[in-house]
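Working notes, structure below.
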Amino acid sequence: MNKQETVDKQPVTRLFSHIKFEDNKCQHQPGSVLGNTALIVGTTIGAGILGLPAVTLPSGIIPSTTLLIGVWLYTLISGLLIAELTVNLMRLEGISHIGLLAIIEKILGKIGARIAGIAYIFMHYALLVAYMTQGGEILTTVIYKVGNLENIFPHWMGTLSFFLLFGSLMYWGKDKLVEKINEIFILILLFAFVGLLVLGGMQFQTSQFLVQNWQAIGGSVAVMYVAMFFHSIIPLVVTELEGDVPKIRQSLIIGSLIPLLMFLAWNTMILGSVTPDILQHQLSNGEVFDPLQILRNGRSGEWFAMLLYIFSEFAIVTSFIGVTYGLADFFKDISMITKNEISRLPLYSLVLLPPLSLGTFNPTIFFHALEYTGAFSVSILGGIMPALMSWKQSQKPEFTNSNYQTLVPGGKITLIVIFSGALLLIVRKVFSIFQL
């Protein structure tokens, strides 16, 4: 065996390099594990965290904690599957970057891409509806409280107010300005979160650990799935880390583990802050209500309520910014493919007006929007599609050689579990819709 044959059989872990020409020389500027971990954390922590307490309250702290860990493990495995697909496809195609929808099209064809595209649009529109309605309700409630005003306006005024304030920011604001404002919002969000944990820990009801209804945990899976979803940015992480599998795996594990710990602390603190009398009232009447709304009304102290208002609103706004940009970029890509350039006003009208219309007609749609997003869009994009693509990719001869990078163990058994979990969630939601 000659030297060239030895080199040819070496596994390739570095697909491409970030080369930038500065000071008359080329400089290698690869992405860092820390930076990409932060990207995953920022993407995962959003308004989905606000929906958790309402859906986990019926089951209790211990059952919901167990399920949260299970959902995290599921999303981590499916995320690693997408990273595995991205690395191997980039090596085969010889390209430096590719998006999730493009990956689906290359492996599953146009039909798969269209299904994924519909799921992608539905997810973004549903989330924007949820953010506008809930963000608008919180915004107007704060205005009423600060001004000692009576709540005399209809709910849809809150949705419209949120749209006018933050929709205008997205339309008129330059990208750099919006980025800086978003960074400030995230800092405020983190400070409020820490304050809530401190105050919540001081009034925690240890008796809440005794509340355990394991049969009720199924109703919270969809919202948990939305809260844990970060899969759309995984191809970007692969690009930034230059196809380095150990670094990619490290970023995905740590980047998803940090939000999990925050969700566990948040869920435990909120459920433990709900007094037994409120919980008993909820259970006896069969009502489904948001414990955050009760706590924001001052049942656990004014400082706690104030921090909860701040955390809730800024969690929604930061998520709203990211989802708006994501849907706008999607429509830009479509316009480039169809060679029909779209200007800024039609673009943002297409992005923001449909969810505004639905939100004004149904201002209380927040939790329903999260549930439908998790049950359908996230299940397809983060469960069914990765399993199908990995199954199909593993059948191709070009992906069966020694250079094939594997991030997820278990082979086809793992793929069957991922596919079945997503399909079960979809079927469960369909049955609940038609009450079969």
With a 1.4 Å probe and all protein chains kept in place, how do 230, 434 rank by accessible area, largest first? 434, 230
Cα gyration tensor of the chain, axes a ≥ b ≥ c as square roots of the eigenvalues: rounded (a/c below 1.5), prolate (a/b > b/c) or oblate? prolate
For the chain, which span is the longest to avoid every loop-located (per DSSP) member of trypsin sites (Lys or Arg not before Pro) having at most 14 other Cβ atoms inside 10 Å? 175-338
Relative contact order %, region 118-230, counting alpha carbon pairs below 8 Å whose residues are six or more apart: 18 percent
Suppose all protein chains stay in the model; what accessible area per residue would a 1.4 Å probe give for the chain, in Å²? 48 Å²
Distance (nanometres) between label positions extended 7 Å along Cα→Cβ at residue 250 and residue 215: 4.8 nm
Could you compute the net charge surrounding residue 366? Neighbours are other residues with a C-beta less than 12 Å from the C-beta of residue 366; K and R count +1, D and E count -1. -3
So, relative contact order of the chain in percent, Cα under 8 Å, 6 or more apart, is 35 percent
Tell me what the chain gives for mean residue ellipticity at 222 nm when only DSSP H runs of n ≥ 4 count, each as -39,500 (n - 2.57), the sum divided by the residue total, rounded to 500 deg cm²/dmol. -23000 deg cm²/dmol
Mind running the shape call on region 100-223? Use the C-alpha gyration tensor, a ≥ b ≥ c as the square roots of the eigenvalues: rounded below 1.5 for a/c, prolate if a/b tops b/c, oblate otherwise. oblate
Cross-link pairs beyond the 27 Å C-alpha cut-off, checked among 110/412; 247/392; 332/412: 332/412
According to the Kirkwood expression over distinct Cα-Cα pairs, how big is the hydrodynamic radius of region 120-191, in Å? 13.7 Å
Is region 315-428 best put as rounded, prolate or oblate by its Cα gyration tensor, with a ≥ b ≥ c the root eigenvalues, rounded for a/c under 1.5, and otherwise prolate when a/b is larger than b/c, oblate when not? oblate
Between region 342-375 and region 73-117, the Cα center-to-center distance that results, in Å: 27 Å
Take each uninterrupted DSSP H stretch in the chain, measure its Cα extent along the helix axis, and return the ones at 20 Å or beyond whose mean Kyte-Doolittle hydropathy is at least 1.6. 175-202, 411-434
On the accessible surface of region 323-399, probed at 1.4 Å, how many percent belong to carbon and sulfur atoms? 66 percent
Once you mark the GluC sites (Glu not before Pro) that are in a DSSP loop and have at most 11 other Cβ atoms within 10 Å, what is the longest gap between them in the chain? 1-149
Roughly to the nearest percent, how much of the accessible area of region 60-189 is carbon and sulfur, given a 1.4 Å probe? 69 percent
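The values are calculated or read from the model by the stated rules, or taken from the named source; none is laboratory data. Note that this is a predicted model, so its numbers are computed, not measured. Don't worry about glycine lacking a Cβ; one is built from the backbone with ideal geometry, like all the others, and counts go over all protein chains shown. Side chains included, ligands, DNA and RNA excluded: accessible areas come from the protein's heavy atoms. Shrake-Rupley method; radii C 1.70, N 1.55, O 1.52, S 1.80 Å.
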